[in-house]
Amino acid sequence: MPQYKAPLRDMRFLLNEVFDYPSHYAALPNGEDATPDMVDAILEGCATFCEEVLSPLYLTGDQEGCTIQDGEVTTPKGYKEAYAEYAAGGWQGLAHPKEYGGQELPMSLNLLKSEMMGTANWPFTMYPGLSLGCMNTIYLHGNDKQKATYLPPLIEGRWAGTMCLTEPQCGTDLGQVKTKAEPQADGTYKLTGTKIFISSGEHDLTENIIHIVLARLPDAPKGTKGISLFIVPKFVVNADGSMGERNSVKAGALEHKMGIRASATCVMNFDGATGYMIAQPNKGLEAMFTFMNSARIGTALQGLAHAELSYQGALPYAKERRSMRALSGKKDAEHTADALIWHADVRRMLLTQKAVAEGARAMIYSAAKLADHMVAGAAKGDMKQYEHYDDKLGFYTPILKGFITELGLECANIGMQVFGGHGYIKEHGMELIARDARIATLYEGTTGIQALDLLGRKVLLQTRGKVVSEFTNIMTAQAKPHLLDGGPIGSMARACFKRALQWKGLTLRIMLRAAKDRDIVSSACADYLMYAGYVMMGHFWLQQALVANEKLTKGGGKETPEFYKAKIQTAEFYFDRLLPRADAHKKSMLAPTDTVMQMDNEHFMFT
């Protein structure tokens, strides 16, 4: 089983050398305490917790899984103790307001914490992770009493939270929600209905669980305009903040899943459960999606996490396992066979994992700076700032969520491939990473939904291509000073410059075709998203290579020159071996829609 080691050197490289997070934090209203020393202490402390506490529970948690009896869920051995240590360390309130017991540090620091925790043990991380959406929703849309009642214990980690959206008849199309909310004389509501796929819906880690639930009032309009949002606690909270009677919400079953078995994914039954409206009537969907962009960054982290962990498992195996001689001649003369890492195809797989993990980390850390500004705007009630950065982040998020999770799944499968037959055996843990990675492309919207959101909504409908122009202008501005450079830097800069112009042109071509053929948006969107992902990652690989090259040429990398050399070499691999995949997506997205739509439905049959 891979023993997780936090990639602190790469994290610090991005934070301090590529994205200048110290200056970024100094300019934030809540960044005063996020000094370089404080950030380092947080990184080191979280790394220790992840390596020593969470990582050892990853395989055993999968083997044991969760169990349910009479609606009560028991988590795997060690989870309660690990969660207690997590809560005692103050990790849950890292980025939440001080007035409710948090530390009020920038949101991006919470993301760094989540990356390490998620890579060490994704199923465990889902328990505190689901609480974040609950806390953010209450903080932004709850009234003063609701904030005072629910936020302190949630931020302390004494209570947990969920987000209850999906029902048996609807997932993405929430306009079909049927759960009912009947108003009561005392101002509360009685909720009745069934929610499915509810992560952390029931567990034994906290004394209370606060559900955020979508439901309909009796006179609600049809569709998404008639959905309201409610707080439904597992235990009703008394006026003095103590826990009262058990509410009429119960886990009916645990979902039997392919992966993340240590995370309790529940069918939740609401049988006249007491609830409290949050936000305005029939405006629940808007409130629920307030922090959806940041939530999707959290899911993109899973793609990064599984690419990183699979690489950490595959690399030592490739160095230790021996098979045949390298085609270029004997490498390990003292042994009867050479290590796997000498074989070019194995090196290709390892470099793919490394390039994806480090490229994805750069993409996410760049987006996290936008999220910091977005959250800062919301915190001070500056909705103009909030909306400005939410829009900018909205362009990133479908690419991050869709592209990175797809590549994270690929890298998890590559890890199994490096192990050969041993990768299929449970004791090595590589098949576990692949099973857990599979869900990332599905929840928070499948890759197809992300692609439609990107091309149909963000690019065509909302901005008429403006968001692509803005980002590709950043790409060309970075590449332009280096177009005449020699060596790998010049080659990479020219490739980025060309791709930026190409991306603009492709967007215009699809926009023009969509005016006559509406189906082109749906038939081309998945390829468009993947194309965008490869090009965007290329931009961030060039950015990393430029910094590394400057360190080497100006003598700033004397202490760790091998780190900067490896950065440039990994960037070269990305541009030579992975970025060309964009050409296939380009060709496919421009193919005629007829080949997708021409067959009669009756001809989809078994033959």
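The numbers here are math on the coordinates, done by the rules we state, and not lab data. Source: prediction; values computed, not measured. Positions of Cβ are backbone-derived with ideal geometry, glycine not excepted, and every protein chain shown enters the neighbour counts.
Quick look at the numbers
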read-out	value
Extension gain from R457 to H256, taking 0.36 nm per residue of separation minus the Cα-Cα distance	68.9 nm
Rounded FRET efficiency, nearest 0.05, which uses the C-beta distance separating E562 from K319 and R0 of 25 Å	0.95
Estimated [θ] at 222 nm from DSSP helical runs (n ≥ 4, -39500 (n - 2.57)) normalised by residues in the chain, nearest 500	-16500 deg cm²/dmol
Folded to 0 to 90 degrees: helix 107-120 orientation relative to the chain principal axis, Cα	70 degrees
Dipole magnitude of the chain, debye to nearest 20 (Cβ charges: Lys/Arg +1, Asp/Glu -1, about Cα centre)	1920 debye
In degrees, nearest ten, helix 79-88 long axis to first principal axis of the chain (Cα)	90 degrees
Proximal aspartates and glutamates relative to K516, as straight alpha-carbon distance under 14 Å, when same-chain residues fewer than 8 apart are discounted	D594
Virtual paramagnetic centre 7 Å along Cα→Cβ of L442, amide N under 19 Å, in the stretch 148-169	163-169
Pairs from K77/K426; K113/K567; K195/K392; K77/K319 whose Cα-Cα separation, in the structure shown, is over 25 Å	K195/K392; K77/K319
Cα-based reach from K190 at 29 Å (exclusive), listing lysines while leaving out same-chain residues under 8 positions away	K145, K147, K178, K180, K222, K225, K234, K250, K283
Gained length - M38 relative to A148, 0.36 nm times residue gap less alpha-carbon distance	36.8 nm
Mean projected area (nm²) of the alpha-carbon convex hull when the stretch 459-595 is viewed from all directions	8.8 nm²
Local net charge near V356, Cβ-Cβ under 14 Å (Lys/Arg +1, Asp/Glu -1)	0
Two-decimal log10 I(q)/I(0) for the stretch 8-288, as the Debye equation yields it once each C-alpha is a single scatterer, q = 0.08, 0.09, 0.15 Å⁻¹	-0.35, -0.44, -1.15
Which of L461, F471, Y443, positive extreme of dipole for the stretch 434-487 (C-beta unit charges)	L461
Rounded to 10°, Cα long-axis angle of helix 466-479 versus longest principal axis of the chain	40 degrees
Net length gained if the chain between Q63 and Q3 were fully extended (0.36 nm per residue, minus Cα distance)	19.9 nm
Charged-residue dipole, Cβ positions (Lys, Arg, Asp, Glu), the stretch 459-595 about Cα centre, Debye nearest 20	300 debye
Label point distance in nm, K426-R158, each placed 7 Å from Cα along Cα→Cβ	3.9 nm
Distance in nm between pseudo-label sites at K516 and L483 (7 Å out along the Cβ direction from Cα)	3.3 nm
Efficiency of FRET from Cβ geometry, H388 and Q280, R₀ 22 Å, rounded to 0.05	0.40
Cα Rg over Rh - the stretch 86-216, Kirkwood	0.99
